[in-house]
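The values are calculated or read from the model by the stated rules, or taken from the named source; none is laboratory data. Quick caveat: nothing in here was measured; it's all calculated off a predicted structure. In this analysis, Cβ positions are derived from the backbone assuming ideal geometry, glycine residues included, and neighbour counts consider all displayed protein chains. Surface accessibility is based on the protein's heavy atoms, side chains included, excluding ligands, DNA and RNA. Shrake-Rupley method; radii C 1.70, N 1.55, O 1.52, S 1.80 Å.
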Amino acid sequence: MDVTELRVALFTGNYNYVRDGANQALNRLVGYLLAQGVAVRIYSPRTDTPAFPSVGKVVGVPALPLPGRAEYRAPLFIPPSVKRDVRAFAPSIFHVASPEILGHRAVTLARKLNKPVVASVHTRFETYPRYYGLTFLEPVIEAALRRFYRRCDAIFAPSESMAQLLRDQRMSYDVGIWSRGVDRDVFAPERRDMEWRRSFGISDDEVIIGFVGRLVMEKGLDVFADAINELEQRGVRHKVLVIGEGPAHGWFERRLPNAVFAGFQKGPDLGRAVASCDMLFNPSVTETFGNVTLEAMAAGLPVVAARATGSQSLVREGVTGRLIGPGAIGDFADALQLYCEDADGRARAGEAGRRTSERYGWDQVNRVLLDAYLRIARQREKGASGPPRMGPRI
């Protein structure tokens with residue numbers, strides 16, 4: 001099998017109806033695959049008001065708004081008409097991007113058709129309950145994820161730190177890396193715009209601590225706000241700039257009454273907003289990679305991040321930024337204070353981050369996944385069986 005014979009059926013709970021790092025990575029992947037001559041069909045919930053135009057042919061599946069998070073949709077099942085479409089498309093490999101009902105049904109269908117299936121891991125779902133007072137559910141969710149991923153021929157993490165966690169959790173025998181890229185035409189130090197900063201009433205000598213992302217509690221908003229409150233109590237001069245929107249906007253604004261909220265930004269406007277900050281503060285532990293971290297590094301910003309999957313593979317402690325134990329408010333405040341008061345240190349760390357970001361190009365990282373598709377599809381063509389059974393967790 002060569003590249004032009006490859007046919008990929010991609011199943012995902014969100015392809016473009018809400019903009020986030022995962023679905024933007026999937027759209028870039030599909031664009032790359034199509035450019036290489038690969039046939040791709042996407043199966044996902046659709047909406048009349050997508051967040052951005054989709055790349056490739058999308059076949060809609062039934063879905064309902066997710067309880068408590070109505071902006072997201074929960075796929076219900078794969079109807080007979082969609083199963084007929086899958087069979088007519090005749091995929092050589094299935095790719096599932098979300099471990100919900102649609103993902104489970106796609107794996108079952110792949111096994112009925114004797115086709116290999118791979119899964120990409122985009123977020124640490126098992127950590128979400130801790131942000132809603134339901135920490136006791138984490139082992140249950142981890143067990144459910146293990147059952148899902150063990151049914152796949154291989155799984156792919158966006159960073160080595162996340163891949164190692166998946167191995168430690170015994171999610172699969174075959175754990176690969178499908179990293180993420182950065183558009184350096186959009187995210188670059190040259191995008192810094194002092195006039196744009198001034199339009200928000202921010203003076204040129206104020207040091208901006210940036211938050212970039214959807215305003216949802218699982219992004220660590222409580223830790224961010226607590227660390228900023230600690231800085232204010234210490235009398236450290238700074239300004240917080242929040243770039244993004246989401247259901248927790250009101251809560252975050254009440255916790256950060258002195259912050260500037262720039263709202264949702266995209267494309268060149270997002271690149272300008274990021275580069276116009278002086279550092280990025282990312283306390284989240286849910287990311288498997290941390291696109292915003294890489295984008296900030298490409299823009300020449302030092303990063304203060306939680307020592308967690310994703311960030312550990314990007315941030316070099318004391319070189320491109322600081323890695324702090326999750327939830328360690330005082331330590332986060334110390335790191336932020338350091339960069340607020342040391343302009344030369346900010347510049348050195350930012351430049352080191354910019355150089356590091358040069359290793360992450362979209363074509364390079366997507367080629368790695370394409371090569372993995374071919375390897376796994378060829379193995380199945382030669383008569384290899386599906387995923388091996390794993391013994392009980394010890």
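Things to note:
- Only one of the numbered conditions (1) in contact (Cβ under 8 Å) with a residue 24 or more places away in the chain; (2) open to solvent by 50 Å² or more (accessible area, probe 1.4 Å); (3) more than 23 Å from the chain's Cα centre (by Cα) is not met by residue 204, and that is (1).
- Checking each residue in region 310-364 for being assigned to a helix (DSSP H, G or I), aliphatic (A, V, I, L, M) and either buried (at least 22 other Cβ atoms within 10 Å of the Cβ) or in contact with a strand residue (DSSP E or B) (Cβ under 8 Å, 6 or more places away or on another chain) (or both) picks out 314, 333, 335, 336, 338, 349.
- Number of positions in region 149-179 that are at pLDDT below 90, open to solvent by less than 10 Å² (accessible area, probe 1.4 Å), touching a helix residue (DSSP H, G or I) at 6+ places or on another chain (Cβ under 6 Å) and under 21 Å from residue 297 (Cβ atoms): 1
- Of all residues in region 71-104, those satisfying the criterion of being surrounded by 21 or more Cβ atoms within 10 Å (Cβ to Cβ) and assigned to a helix (DSSP H, G or I) are 86, 102, 103.
- Residues that are modelled with pLDDT under 95 and open to solvent by 10 Å² or more (accessible area, probe 1.4 Å), drawn from region 286-307: 287, 291, 292, 307
- The condition of being of a type in the set (Gly, Ala, Ser), modelled with pLDDT under 95 and closer than 25 Å to residue 364 by Cβ holds for only one of 51, 22, that being 22.
- The number of residues in region 275-309 being assigned to a helix (DSSP H, G or I) and more than 17 Å from the chain's Cα centre (by Cα) comes to 1.
- Odd one out for residue 226, checked against (1) at pLDDT below 95; (2) surrounded by fewer than 23 Cβ atoms within 10 Å (Cβ to Cβ): (1)
Residues are listed down the side, and each one gets a yes or a no for (1) closer than 30 Å to residue 143 by Cβ; (2) open to solvent by less than 20 Å² (accessible area, probe 1.4 Å); (3) touching a Cys at 6+ places or on another chain (Cβ under 6 Å); (4) of a type in the set (Asp, Glu):
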{"site": "184", "(1), (2), (3), (4)": "no, no, no, no"}
{"site": "194", "(1), (2), (3), (4)": "no, no, no, no"}
{"site": "198", "(1), (2), (3), (4)": "no, no, no, no"}
{"site": "210", "(1), (2), (3), (4)": "no, yes, yes, no"}
{"site": "222", "(1), (2), (3), (4)": "yes, no, no, yes"}
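- Qualifying strands (runs of 3 or more DSSP E) (wholly inside region 1-70; at least 2 residues being touching a residue at least 24 places away in the same chain (Cβ under 8 Å) and either of a type outside the set (Phe, Trp, Tyr) or within 28 Å of residue 292 (Cα to Cα) (or both)): 7-11, 39-44, 57-60
- When 274, 212 are checked against the criterion of being under 18 Å from residue 306 (Cβ atoms) and at pLDDT 95 or above, a single residue qualifies: 212.
- Within region 229-248, considering residues that are over 15 Å from residue 210 (Cα atoms) and outside any loop (DSSP other than H, G, I, E, B), the one most open to solvent (accessible area, probe 1.4 Å): 233
- Residue match in region 249-260 (condition: among the aromatic types (Phe, Trp, Tyr), under 19 Å from residue 216 (Cα atoms) and not in a helix (DSSP H, G or I)): no
- A search for C-beta distances below 7 Å between a residue of region 74-91 that is over 17 Å from residue 56 (Cα atoms) and of a type outside the set (A, V, I, L, M, F, W, C) and any residue that is modelled with pLDDT of 95 or more and surrounded by 15 or more Cβ atoms within 10 Å (Cβ to Cβ), counting only pairs 6+ apart in sequence or on different chains, returns 83/109.
- Flag for residue 132 being of a type in the set (Phe, Trp, Tyr) and at pLDDT below 90: yes
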